[in-house]
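Worksheet: the structure to be examined is printed underneath.
The values are calculated or read from the model by the stated rules, or taken from the named source; none is laboratory data. These numbers come from a predicted model, not from an experiment. Ligands, DNA and RNA are stripped out before the accessible areas are found, and what is left, the full protein with its side chains, is counted by its heavy atoms. Shrake-Rupley method; radii C 1.70, N 1.55, O 1.52, S 1.80 Å.
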Amino acid sequence: MTTSAAAALRLPSELTHRQATACLAQLLQSVGGAAPGSALVVDAAPLRVFDTSALAVLLEFRREALAAGLRFAVQGLPQALQVVGVGRAGVDH
């Protein structure tokens, strides 16, 4: 997973139960370093191999970001993971 100055976070190409804990830990580091009210945008386009753990990671990251007063969005979410409320369209407030 990579991060850019625009607080865009890129998911790995594989996110299964095996990688979930490490991926979530990396995402959560961005919560502590973000300015209040800023947006964290997750780029999910690289995801090719995933299971329901990917959804769990995104939902937990969203919960933590919103609890910290940050905005949250996901770009490029694979169709198989498109669930209402995950932040796939726009930025959650």
Extension length gain for E14 and A67 (0.36 nm per residue less Cα distance), in nm, is 16.4 nm
Amide H proximity to V42 below 5 Å, modelled H, separation 5+ or other chain, gives L9, A73, V74, Q75
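At 0.36 nm per residue, minus the direct Cα-Cα distance, what do A22 and A80 gain on full extension? Give it in nm, one decimal, please.
Working: separation 58, 0.36 × 58 = 20.88 nm, distance 2.21 nm.
Working it through step by step, the gained length comes to 18.7 nm.
Per the Kirkwood treatment, what hydrodynamic radius in Å, one decimal, follows for the range 4-68 from the mean inverse distance over all distinct Cα pairs? Don't skip to the answer; put the middle values down first.
Details: mean 1/r = 0.0835 Å⁻¹.
Evaluated over the range 4-68, this radius sits at 12.0 Å.
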Per residue, accessible area of the range 17-79 with a 1.4 Å probe, heavy atoms of protein chains only, in Å², comes to 52 Å²
